[in-house]
Each structure stands twice: as structure tokens, then as C-alpha cells.
Amino acid sequence: MPIKKNKNGKYQVDISIGTDPITGKRRRLTRTASSKKEAEDVYYQLTQKYNRGQTLLIRDLNFETICELYLEDCKLHGKPNYYQNQLYLIRKHMANHFRNCNFKKVTVNDIKDYQRLLMDSGLSNKSVNNIMISLKRVFDKALEEHVIDINPCNAVKNLSIDNEQMKFWTPDQFKEFISLIDEENEFLFKTYYTVAYFTGMRCGELLAINWKDIDEFRQEINVYKSLAYFNKEIYITKPKTKNSVRRISINSKLLELLLTWKETQESIFNKLKLDYNDDVHVFQYREHPPTKDIFSRRIRTICTRGEIFPIRQHDLRHSHVALLIHQGEDYATIKERLGHASIKTTIDVYGHLFPNKQKETADKLNDFF
């Protein structure tokens, strides 16, 4: 029976609330009442609260367990690279500091102290913010698991970030870079960098495209997936956002370059005795697709042959935008080609590259004199 009378005349209420999903042990609630009527009321109230998911029981889970639950969510619902990133941040920056923490006693000031500790360690403001965002999500998981009633991270503001000057190549600089490539032995790299420069595609998007994704008749590249390596395994995922699924128009000369590389690629596959069809990745030159690191390192190698300054592989995307702006394209067109979620993103990131209109506006005011 859930209600028993003790030897001291008081009544004990003992109810089962199932099995703890973490420990596998049965969970019970025990309360004491002065009379049988009071005991019945307590039993009824606790049963109703538990059945509605409103029990006052606060689970006592440690930081490590909450992190495991959070990472499991990341693995199930996020991309592989996001899971790996969160795992790294927790192991590198949080595990030791919060190992023995009592979630229920952590205050806003404790979180602020941790933020200052990260700042004092020499990390950039951007890195500190990324860690704090992950920490907030861990505490959100503790909130979800009924370990705490409020997330103290919510009251801690992000640090300000100074935007670094964007690097990109002008058309003349890109031509100089391409001229430094040994076309006979590095034709793959010439093709890859040229496609990146003239489409603005992300690294993962470039590596993921197959020949069947290139529409020769319409001169378009169908972008709907991204490729990445994690623990030496290939993962094909959806692009960064739903707006990243798009079709990018390409000019006839770029299509011609791609088809020339296709002939070279088929010859390479035949020598390696590998099957060749439209499912082969466009920038593949062996049994498995290459990693983005190969193309990142080669940029620096090629630049040492001349006077051109090296940029990151992702900066070719910025260079494409600079090229479009130079050609007089508007925000809407650039947004579509880049696959941005909104035109606001395009303006926020690249607005400073557009010609300054203030001089033109000031000159028009001469008509009033």
C-alpha cells in the first residue's frame, strides 16, 4: 500500500515514479503526514503532479552526465561537424572546470567568473563567446532534465567582437594566381579554384557535387549537399541552411573547363582501374573524394611561386562576391548565388564592399546652389 501508519502514529506516503533512465534504478517519493486524511491528500497531489509531468522532484545529475545527454542530442539532431565541435569545446574548456560543480548552486557571478577566466587565458573574444554559447546549451540541457530551475548563463552577455578586414582577390590577382599553376600536373587544382572563384560555393558544397549535378544544357550546378570528413569517414549532409539548396548558373567557358577536367579525370580513373560514371565526385582523383585541406595547403604552395598574397580557401567565396559587386550586381542576385538565408545576411557581411554612394549624393546637392 502507498500509505502506511508508523509506530509513532504518523502516516508515511510512499509512491513509485518509475525507473531513472540514467541509472536504471527505481525512483520513489516518500512523504510524512499527521493523519490518514492528510496522507491521502498528499498522495493524490503528488500522483497528479507526476502524471502531468509537474513533479517537484529535482534530479541530481552531475556535469559529466548532462554533457553526455547534450552531446547525444548533438549527434542525433546536428551535423557530424557540429557534434565534433561541441565535444572538443567541452573536453578542452569545460570538463575540468565544472567537473565537481553542483548545478543547483551555480550563480550568474560564477558564470561571469568563468568567462573572465577564459578571457585571461588569452583566447579571442570570438572563441570565448563560442565556448559560452556551448556552456549555455549544456545548462539548458540541465534545465530540460529538471536538474535546475533557471539557467544562470542567460544573464551573461557576449563579448564584443571587432570585425576583421575581409580578404579577397581582385580579378587581376586571381588571374595571377591561376597563371602560377602548373596546368599539366595541377589541372585539378586549376579547375577547383576557378569553379570556387566563379560560383562562390562553400568548400563542402564543391567537394560534394557529382557530375550528375551539373546540367550542361542549362549550364547550372545543382547544389543540395555538402561533404566532410570526420575520423576518416565521409559524411554527406544537407548544406548549411535550407536556402543553400540552389542552382548556380555558370558561363560557357567555366563549363568547358569542367568538361576538359572530366576527360582528364576519366583517364586517371581508367589507369587506377576504377569505375567511372556520373556518380563520381567532380573533384575526385582517386578511390575516395579528397579533403578540403588538400586544396587549402596548395593555395599557399602556389602563392610562393609569385608575388600574390595567400588567402584562405573560404576567401574565394568572398572574392566571388567582390567580383559580382565589381560587375554591378545587386544584393538579391548575390544572395541567390551564395545561398544566404536572407538578404540581411548578405548586406551585413558584404555591404562594406559596395561602392560608397555618399560622394555621389553630395555632388547632386550642387544643383541647389
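With a Förster radius of 22 Å applied to the beta-carbon distance between Ala95 and Asp73, the computed FRET efficiency rounds to 0.80. Reducing segment 121-163 and segment 245-263 to their Cα centroids gives an inter-centroid distance of 44 Å. The residues of the chain present an accessible area of 61 Å² per residue when probed at 1.4 Å with all protein chains retained. Pairs with C-alpha atoms separated by more than 27 Å, drawn from the list Lys232/Lys344; Lys225/Lys335; Lys232/Lys273; Lys212/Lys238; Lys167/Lys262; Lys238/Lys262, are Lys232/Lys344; Lys167/Lys262. Spin-label pair Asp149-Asp41: with each label point 7 Å from Cα along the Cα-Cβ axis, the two points sit 2.2 nm from one another. In this calculation the C-beta distance from Arg297 to Lys112 is compared with R0 = 56 Å, giving a FRET efficiency of 0.85. Of Arg298, Arg31, the order by accessible heavy-atom surface (1.4 Å probe, DNA, RNA and ligands excluded), from most exposed downward, is Arg31, Arg298. Rounded to the nearest 0.05, what FRET efficiency is calculated for Leu255 and Glu186 with R0 set to 25 Å and r the Cβ-Cβ distance? The formula returns an efficiency of 0.75 here. For the options Asn100, Asn231, Asn243, a Gaussian network treatment of the chain with springs between C-alpha atoms closer than 10 Å singles out Asn231 as fluctuating the most. Simple point charges give the picture: +1 on the Cβ of Lys and Arg, -1 on the Cβ of Asp and Glu, and for segment 163-285 a dipole about the Cα centre of about 620 debye.
Taking the Cα centre of the chain as reference, the dipole from Cβ charges on Lys and Arg (+1) and Asp and Glu (-1) amounts to some 2320 debye. Calculated from the structure at hand, Cα extents along the principal axes in Å is found among [x] 95, 76, 40; [y] 64, 54, 44; [z] 105, 50, 42 as [x]. Remark on segment 180-285: Rg and Dmax equal 13.8, 39 Å (Cα only). In the chain, a dipole from Cβ-located charges (positive for Lys and Arg, negative for Asp and Glu) runs towards its positive end, and of Tyr82, Thr264, Pro171 it is Tyr82 whose Cα lies farthest in that direction. Excluding same-chain neighbours fewer than eight residues apart, the lysines reachable from Lys104 by a Cα-Cα span under 27 Å are Lys25, Lys49, Lys75, Lys92, Lys112, Lys136, Lys141, Lys157. The longest stretch of the chain left intact once loop-based GluC sites (Glu not before Pro) with at most 15 other Cβ atoms within 10 Å are removed from consideration, loops following DSSP, is 1-163.
Taking the alpha carbon gyration tensor of segment 141-215, multiplying each eigenvalue by 5 and rooting it gives semi-axes of 45, 21, 10 Å, largest first.
Once the Cα-Cα distance is subtracted from the 0.36 nm per residue extended length, the Arg137 to Asp330 segment shows a gain of 65.7 nm. Pairwise Cα distances in segment 200-345 exceed 28 Å for 23 percent of all pairs.
Averaged over residues, the count of other Cβ atoms within 10 Å places the peptides 3-14, 193-204 in the sequence 193-204, 3-14, highest first. Figure legend: label point modelled 7 angstrom from the Cα of Asn158 along Cα→Cβ; residues of segment 129-146 with amide N under 12 Å from it are 129-134.
The values are calculated or read from the model by the stated rules, or taken from the named source; none is laboratory data. As the structure is a computational prediction, the values presented were derived from the model and not from experiment. In this analysis, Cβ positions are derived from the backbone assuming ideal geometry, glycine residues included, and neighbour counts consider all displayed protein chains. The area values use the complete protein model at the heavy-atom level, side chains included, leaving out ligands, DNA and RNA. Shrake-Rupley method; radii C 1.70, N 1.55, O 1.52, S 1.80 Å.
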